[in-house]
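Encoded as structure tokens, the structure appears first; notes follow it.
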Amino acid sequence: MQFKLNSLLRPHIAKLQPYTSARDEYTGKIGVFLDANENPYGSVTDQDYNRYPDPYQSELKEEISLIKQVKPSQIFLGNGSDEAIDLLFRAFCNPGKDNVILLPPTYGMYEVSASINDVEIRRVALTSDFQLQPNKVLDAVDDNTKIIFVCTPNNPSGNKLKRDDIELLLRKFKGIVVIDEAYIDFNDEPSFTTELDNFPNLLVIQTFSKAWGLASLRLGMAFGSEEIIGILNKIKPPYNISGLTQETVLAAIRNNKKVKKMIEGILKERSFMQENLEKLTFVQNIFPSQANFLLIKIPHATEVYNELIEQKVIVRNRSKVLLCEDCLRISVGTRKENEEFLKALVKIAPKKV
Ligand SMILES: *Cc1c(COP(=O)(O)O)cnc(C)c1O
């Protein structure tokens, strides 16, 4: 396998001159700043937000670099992981010509982003126990295949994909293998970031939206070779991460005692949910989960889902998704929320069997 990033890149992106600001030329913090048409008086809020934030997010990347053990130059930060996913399409996939491979059932944003960018999707289903079929994936590859999206632990099934299968793709595929690790914090498997030096075609995606409890701030991360990260940085909107987000996440990382506690709590509640669901004879399957949700199979899932909504209990109906017939995906909540869900389910579901 020969990996040549430049031959994957869309030609106009290779030539692109990125946006620059005067603060690329003057990097001091002290001075009379009359370059960016900001409001000199401050903000209408208690906190001052009148200055544009650091477009390189340097301080935040230094801190993330320490907890993730990658170089700051190997980190891209996006307005949610969704931004990284979209930028990958825009950098590498020529609309109407190139294609990407998705492994259903999987996270819905890959498909949406591909469609927005008018990029062909090739689907290679996971097995019935939600594992990769690496040789079938490689059979689906042609000269215009640019990216394979792998999600592990997988959403919506919750399981980890086998590492050997993923490594086979990394070795054999000459395009980019994206490994979406949004749920990495809920299991003890090492991150694929440890493999960055071995695979120049690897891009790992993580997020602050799940374990860190910061979904509202919108901060996603991508880790890859300096080359790939350089391209994402070149085409991102300059101020894609707000100053508020940068400051808040910086403080969260520096004082991160709460994260471990919250993860432990979620794992305990996941076991609680699992044990209680196992007692319910009408639940046909509880798929093993290494994430913060459970996928369950239940007769007449859509009807159950609708009646749960009437009880103001909202879960995710996945029953129309390939290999997830009659399946509901339930996020792990607090003990009180989990009990309310179980109570509502017991009230509704047996009537449907
Ligand atoms: C939740 C989730 C994300 C996170 O997306 P953000 O845009 O960072 O909030 C990414 N990938 C998968 C598979 C997810 O389930």
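For the stretch 271-282, state whether one or more residues are open to solvent by 40 Å² or more (accessible area, probe 1.4 Å), of a type in the set (A, V, I, L, M) and either in contact with a helix residue (DSSP H, G or I) (Cβ under 8 Å, 6 or more places away or on another chain) or outside any helix (DSSP H, G or I) (or both). No, because not a single residue in the stretch 271-282 is open to solvent by 40 Å² or more (accessible area, probe 1.4 Å), of a type in the set (A, V, I, L, M) and either in contact with a helix residue (DSSP H, G or I) (Cβ under 8 Å, 6 or more places away or on another chain) or outside any helix (DSSP H, G or I) (or both). The set of residues in the stretch 15-47 that are among the charged types (D, E, K, R) and either open to solvent by less than 70 Å² (accessible area, probe 1.4 Å) or modelled with pLDDT of 95 or more (or both) comprises Arg23, Asp24, Asp35, Glu38. Considering each residue of the stretch 141-154 in turn, none proves to be within 14 Å of the ligand (Cβ to nearest atom) and surrounded by fewer than 21 Cβ atoms within 10 Å (Cβ to Cβ).
Checking each residue in the stretch 72-89 for being of a type in the set (A, V, I, L, M, F, W, C) and more than 12 Å from the ligand (Cβ to nearest atom) picks out Ile75, Phe76, Leu87, Leu88, Phe89.
Under the condition of being open to solvent by 20 Å² or more (accessible area, probe 1.4 Å) and either assigned to a helix (DSSP H, G or I) or of a type in the set (A, V, I, L, M, F, W, C) (or both), the residues counted in the stretch 316-341 number 9. Here no strands (runs of 3 or more DSSP E) wholly within the stretch 164-230 include at least 3 residues being within 12 Å of the ligand (Cβ to nearest atom), at pLDDT below 95 and buried (at least 21 other Cβ atoms within 10 Å of the Cβ).
The values are calculated or read from the model by the stated rules, or taken from the named source; none is laboratory data. Quick caveat, the model's predicted, so the values are computed rather than measured. When we count neighbours, we look across all protein chains shown, and the Cβ atoms used for this are built from the backbone with ideal geometry, even at glycine. Accessible surface is based on the protein model in full, side chains and every heavy atom, while ligands, DNA and RNA are left aside. Shrake-Rupley method; radii C 1.70, N 1.55, O 1.52, S 1.80 Å.
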